[in-house]
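The values are calculated or read from the model by the stated rules, or taken from the named source; none is laboratory data. All of these numbers come straight from a predicted model, not from anything done at the bench. Neighbour counts run over all protein chains shown; Cβ positions are idealised from the backbone, glycine included.
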Amino acid sequence: MKYLISFPAPAMTVPAGELPEVSEAAHNVIREAKAAGVYVFGGGLNEDVAPLMVAADGTVEGGTYPQTSELSGGFCVLDLPSREVAIAWAAKLAQACRCPQELREFQFDPES
């Protein structure tokens, strides 16, 4: 199963001087996930680029769904054998990032 592990930017309240240490700790967890063969992809949302809404007819408007207007922060997707293992990886990321992580399971799709 694939799991999304994420956090919103406001959840990370780390003093600016400690950001390099937090970044390195988070990168170490991602390196560990890659070495274990469970890493799918991840990153941080670029908050300097405004979101767009693209309609079925190709019409483009600035903005987003009201529910996601605060979407920010970082995430990763891991391919893991169980929810228990996903919780363990989320805990590693929570420790590295110094903030709680949200864990969500993707629905199985045989074509993905």
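What strands (runs of 3 or more DSSP E) completely inside region 29-112 contain at least 2 residues that are of a type in the set (Gly, Ala, Ser)?
In region 29-112, the matching strands (runs of 3 or more DSSP E) lie at 39-44.
Pick from region 35-54 the residues that are more than 30 Å from Pro66 (Cβ to Cβ) and surrounded by 10 or more Cβ atoms within 10 Å (Cβ to Cβ): which of them is farthest from the chain's Cα centre (by Cα)?
Going through the qualifying residues, I end up with Ala36.
Val77: within 30 Å of Glu111 (Cα to Cα) and either at pLDDT below 95 or surrounded by 10 or more Cβ atoms within 10 Å (Cβ to Cβ) (or both), yes or no?
So Val77 passes the test.
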